[in-house]
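The values are calculated or read from the model by the stated rules, or taken from the named source; none is laboratory data. What you see is a predicted model; the values in this text were computed from it and never measured. Here the Cβ positions follow ideal geometry from the backbone for every residue, glycine too, while neighbour counts run over all protein chains shown.
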2 protein chains.
Amino acid sequence: MLKFEEYVEMANRAVAAIEYPAQPSGLYEPVAYAMSLGGKRLRPVLALMACDAFAGSPDRAIDAAVGIELYHNFTLLHDDVMDRADMRRGHPTVHVKWNENTAILSGDAMLTMAGQYMARTPADVLPRVLDVFNRTAMEVYEGQQYDVDFESRNDVSEDEYIGMIRLKTSVLLGCACKVGALIGGADMPAADALYNYGCDLGLAFQLQDDWLDVYGDPETFGKEIGGDIANNKKTYMLINAIASASGDDAKELDRWLADNEPSHRAGKIAGVRGVYDRLGISEKAEKAIARYTWQSLEWLDSVKMDEDAVVAFRDFATMLLSRKK
Amino acid sequence: MLKFEEYVEMANRAVAAIEYPAQPSGLYEPVAYAMSLGGKRLRPVLALMACDAFAGSPDRAIDAAVGIELYHNFTLLHDDVMDRADMRRGHPTVHVKWNENTAILSGDAMLTMAGQYMARTPADVLPRVLDVFNRTAMEVYEGQQYDVDFESRNDVSEDEYIGMIRLKTSVLLGCACKVGALIGGADMPAADALYNYGCDLGLAFQLQDDWLDVYGDPETFGKEIGGDIANNKKTYMLINAIASASGDDAKELDRWLADNEPSHRAGKIAGVRGVYDRLGISEKAEKAIARYTWQSLEWLDSVKMDEDAVVAFRDFATMLLSRKK
């Protein structure tokens, strides 16, 4: 097994090596731009690690790793259009830098390019790899749809929320693990166990994202603290607060949820955070993060692989969950 | 070989048999709706015919046929968003009936579903089938981008225009033929010849569409006559008129292109048509349609297949080009 940074370097090199036709530039420049914005390359790294764990080399999974990263960035591109988000990783989004039609069409092209890279998978495992990749892609859309549906509901349960983020975020981490494992020659039980590792890790990751928005260190957190609160985003924190608040806390929460006056933003963030504090939402979230992390690591025990591979996946989880942004 | 209507019936049955998960309904209902609007099912029919011509049965290509039809309808769905088109086949478009975000996300789901159906292709030809399908999909986006680019140019040449419609429209007909042929067991030269048949036929088809917008019979033409003229759409007709008009004709054409006053619509259509008449644009288009049709049929001579298969592809071309809508 390589070091984490070496897998990242390998993923970055492969992404940088994607060849885009020169023409029509209106189609391909936005794709190249979206892929150049960086990101942590977590999904390709997982695919490479999983392949390495079974094949003794990550190389066979490099195309699939790029395909999954193309897919991930396609979802970000179209999500940014749907969310009217202006910035992504410190740069203007494609629909802002170009326009909305360009973002739609270039996103479509990225999705098909993802399919092209996935199709370069060795023929012996190609049907199985496409099966998990395509099924995962459908689940990601389902998660996005549930996320939209939840916006207009105030009675979303914790289970529903976990189900939604599992689809929207987690399964793609699981897919990266499973695809890498299958390409590396793993049998289905081992590939499925790594899939579950990735999914549970993804849940912990997303819950931590929700937590960081409220309790993160503004110095090290990548984005502004409190954005989710300001936007009434139905996070793990808010859903649990709505479910458990009563009396004055419930009234204060309702009042802040109805108050979208921009000049009240700081007060709203502090106020909602105060409600969270009194309800112990931070501890509840931290416990859930720990539980999913633990569950995630448990899956590794059922996979027959070298101890250094197990260590690598454990370290990946530790690294991911100790992030400050 | 079956009768044309039998292939259509087979394609319609397979499209109607697509199973959509019940939830989230906000994602899948628009997909089911888009697939229920009908259409001529030309692409799946070509795939089934091509498979039948080599395998002696169309069955093996049914999933790929559905995949190509899903892909085609996905492009219509996203194109309608980009064109702000309100109606499709006499029904409100998805972004009108639901909203734009729904149209984007449901379209994405259709593209992935297309990939799922393509992936059901027998494993022995799967890599080759995915290769032509994915490459074609990329070309369709390129064609769409060139179409957009041409909107802001007044010097588009006939060659550029043909290149654009080849990408945007024709290659998918070629792809349907090639995929069906490969699944049916055709060798690559035969599959490529049928691909070229489909492409050239697609060019004739699109040029006829351009011609019908001006000279079609309002009684039998599916849409209103003159829509392209009213919208200054860069069709084969307009591009050739711009290139060949001089003196008063050029002045009149310029005047109409600058006049987008809705109440002048009828006058504009009649006026531009008058310019086309004086410049012989109708005859030029009819000659081009005949030339691409002839080229298309020529390809059939180089394919080793039963005479009744050749007849079926010839009849398909005749049927397609005698259409009134």
- Hits in the stretch A:84-103 - residues which are part of a loop (DSSP other than H, G, I, E, B) and among the aliphatic types (A, V, I, L, M): A:Ala85
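Yes or no: A:Gly143 at pLDDT below 95 and within 19 Å of the chain's Cα centre (by Cα)? Outline the logic, then answer.
Working: at pLDDT below 95: no; within 19 Å of the chain's Cα centre (by Cα): yes.
So A:Gly143 fails the test.
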- Message: Quick check on A:Val81: is it within 14 Å of chain B (Cβ to nearest Cβ) and part of a helix (DSSP H, G or I)?
- Response: yes
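Using the structure shown, decide if A:Phe133 is in a helix (DSSP H, G or I), touching a residue at least 40 places away in the same chain (Cβ under 8 Å) and either away from chain B (no Cβ under 14 Å) or among the basic types (Lys, Arg) (or both).
Details: in a helix (DSSP H, G or I): yes; touching a residue at least 40 places away in the same chain (Cβ under 8 Å): yes; either away from chain B (no Cβ under 14 Å) or among the basic types (Lys, Arg) (or both): no.
So A:Phe133 fails the test.
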- Return the total of residues in the stretch A:258-296 being under 28 Å from A:Ala309 (Cβ atoms) and crowded, with 17+ Cβ neighbours inside 10 Å. 5
- Restricting the stretch B:13-27 to residues that are within 8 Å of another protein chain (Cβ to nearest Cβ) and in a helix (DSSP H, G or I), which is surrounded by the most Cβ atoms within 10 Å (Cβ to Cβ)? B:Leu27
- Restricting the stretch B:120-130 to residues that are touching a residue at least 40 places away in the same chain (Cβ under 8 Å) and either more than 29 Å from A:Ala22 (Cα to Cα) or touching a strand residue (DSSP E or B) at 6+ places or on another chain (Cβ under 6 Å) (or both), the residue that is surrounded by the most Cβ atoms within 10 Å (Cβ to Cβ): B:Thr121
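Just wondering, is there one or more residues in the stretch A:193-205 that are among the small types (Gly, Ala, Ser) and more than 14 Å from the chain's Cα centre (by Cα)?
So the first thing to find is which residues in the stretch A:193-205 are among the small types (Gly, Ala, Ser), and the list is A:193, A:198, A:202, A:204.
Still in the running and more than 14 Å from the chain's Cα centre (by Cα): A:193.
Yes, because at least one residue in the stretch A:193-205 is among the small types (Gly, Ala, Ser) and more than 14 Å from the chain's Cα centre (by Cα).
What's the total number of residues in the stretch A:141-160 that are away from chain B (no Cβ under 14 Å) and among the charged types (D, E, K, R)? Steps first, please.
Our first condition is that a residue be away from chain B (no Cβ under 14 Å); within the stretch A:141-160, this holds for A:154-155, A:157-159.
Remaining after also requiring among the charged types (D, E, K, R): A:155, A:158-159.
The qualifying residues number 3.
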- Task: Give the stretch B:236-252 a look and list any residue that's part of a helix (DSSP H, G or I) and over 28 Å from the mean Cα position of the chain (by Cα), or say none.
- Result: B:Gly247, B:Asp248, B:Asp249, B:Ala250, B:Lys251, B:Glu252
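Among the residues of the stretch A:116-123, is there at least one that is in a helix (DSSP H, G or I), among the small types (Gly, Ala, Ser) and within 11 Å of chain B (Cβ to nearest Cβ)? Explain how you work it out, then say what you get.
Taking the stretch A:116-123 as the starting set, the residues that turn out to be in a helix (DSSP H, G or I) are A:116-118.
Cutting the leftovers down to among the small types (Gly, Ala, Ser) gives us none.
Among the residues of the stretch A:116-123, not one is in a helix (DSSP H, G or I), among the small types (Gly, Ala, Ser) and within 11 Å of chain B (Cβ to nearest Cβ), which makes the answer no.
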- Query: When you go through (1) under 22 Å from B:Ile289 (Cα atoms); (2) of a type in the set (Phe, Trp, Tyr); (3) surrounded by 19 or more Cβ atoms within 10 Å (Cβ to Cβ) one by one for B:Tyr117, which number turns out not to apply?
  - Reply: (1)
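Please determine whether any residue of the stretch A:149-157 is over 18 Å from the mean Cα position of the chain (by Cα), under 29 Å from A:Ala32 (Cβ atoms) and in contact (Cβ under 8 Å) with a residue 60 or more places away in the chain. Before you say what the answer is, go through the steps one by one.
Here is the first cut: in the stretch A:149-157, the ones over 18 Å from the mean Cα position of the chain (by Cα) are A:149-157.
From what's left, under 29 Å from A:Ala32 (Cβ atoms): none.
Scanning the stretch A:149-157 turns up no residue that is over 18 Å from the mean Cα position of the chain (by Cα), under 29 Å from A:Ala32 (Cβ atoms) and in contact (Cβ under 8 Å) with a residue 60 or more places away in the chain.
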- Of the conditions (1) more than 25 Å from B:Asp200 (Cβ to Cβ); (2) more than 7 Å from every other protein chain (Cβ to nearest Cβ); (3) surrounded by fewer than 22 Cβ atoms within 10 Å (Cβ to Cβ); (4) small (Gly, Ala, Ser), B:Gly163 fails just one. Which one is it? (1)
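For B:Gly216, indicate whether it is under 20 Å from B:Val156 (Cβ atoms) and at pLDDT below 95. Outline the logic, then answer.
On the way: under 20 Å from B:Val156 (Cβ atoms): no; at pLDDT below 95: yes.
Taking the combined requirement at face value, the residue does not satisfy it.
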- Of the residues B:Pro30, B:Pro44, which single one is in a helix (DSSP H, G or I) and farther than 24 Å from B:Val132 by Cβ? B:Pro30
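Do we have B:Lys168 as more than 14 Å from chain A (Cβ to nearest Cβ) and either touching a residue at least 12 places away in the same chain (Cβ under 8 Å) or assigned to a helix (DSSP H, G or I) (or both) here? Spell out the reasoning first.
Working: more than 14 Å from chain A (Cβ to nearest Cβ): no; either touching a residue at least 12 places away in the same chain (Cβ under 8 Å) or assigned to a helix (DSSP H, G or I) (or both): yes.
No.
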- Task: Out of the residues in the stretch A:13-35 that are in contact with a helix residue (DSSP H, G or I) (Cβ under 6 Å, 6 or more places away or on another chain) and among the small types (Gly, Ala, Ser), state the one that is nearest to B:Glu142 (Cα to Cα).
- Result: A:Gly26
- Task: Output the number of residues of the stretch B:148-165 satisfying the condition of being modelled with pLDDT of 95 or more and farther than 16 Å from B:His72 by Cβ.
- Result: 12
- Residue list for the stretch B:266-325, restricted to those being of a type in the set (D, E, K, R) and within 21 Å of B:Gly227 (Cβ to Cβ): B:Lys268, B:Arg273, B:Asp277, B:Lys284, B:Glu286, B:Arg323, B:Lys324, B:Lys325
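For the stretch B:213-229: of the residues being aliphatic (A, V, I, L, M) and surrounded by 20 or more Cβ atoms within 10 Å (Cβ to Cβ), which is farthest from B:Asp254 (Cα to Cα)? If you could, list the steps in order and put the result at the bottom.
First pass over the stretch B:213-229, keeping only residues aliphatic (A, V, I, L, M): B:214, B:225, B:229.
Narrowing the set further to residues that are surrounded by 20 or more Cβ atoms within 10 Å (Cβ to Cβ) leaves B:214, B:229.
On the way: B:Val214: 18, B:Ile229: 12 Å.
Filtering first and then ranking leaves B:Val214.
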- Out of the residues in the stretch A:93-112 that are more than 11 Å from chain B (Cβ to nearest Cβ) and within 20 Å of the chain's Cα centre (by Cα), which is farthest from B:Glu142 (Cα to Cα)? A:Thr93
- Item | Failed item, numbered, when A:Asp52 is tested on (1) within 14 Å of another protein chain (Cβ to nearest Cβ); (2) in a helix (DSSP H, G or I) | (1)
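Looking at the stretch B:267-310 only, could you name the residues that are of a type in the set (A, V, I, L, M), more than 19 Å from B:Asp210 (Cα to Cα) and in contact (Cβ under 8 Å) with a residue 40 or more places away in the chain? Lay out the reasoning, then the answer.
Taking the stretch B:267-310 and keeping what is of a type in the set (A, V, I, L, M), we get B:269-270, B:272, B:275, B:279, B:281, B:285, B:288-290, B:297, B:300, B:303, B:305, B:309-310.
Checking the rest, the ones that are also more than 19 Å from B:Asp210 (Cα to Cα) come to B:297, B:300, B:303, B:305, B:309-310.
The answer is B:Leu297, B:Leu300, B:Val303, B:Met305, B:Ala309.
Name the one entry in A:Leu70, A:Leu37, A:Leu2, A:Leu76 that is among the aliphatic types (A, V, I, L, M), touching a residue at least 40 places away in the same chain (Cβ under 8 Å), within 14 Å of chain B (Cβ to nearest Cβ) and surrounded by fewer than 24 Cβ atoms within 10 Å (Cβ to Cβ).
Working: A:Leu70 fails: surrounded by fewer than 24 Cβ atoms within 10 Å (Cβ to Cβ); A:Leu37 fails: within 14 Å of chain B (Cβ to nearest Cβ); A:Leu2 fails: within 14 Å of chain B (Cβ to nearest Cβ).
The conditions single out A:Leu76.
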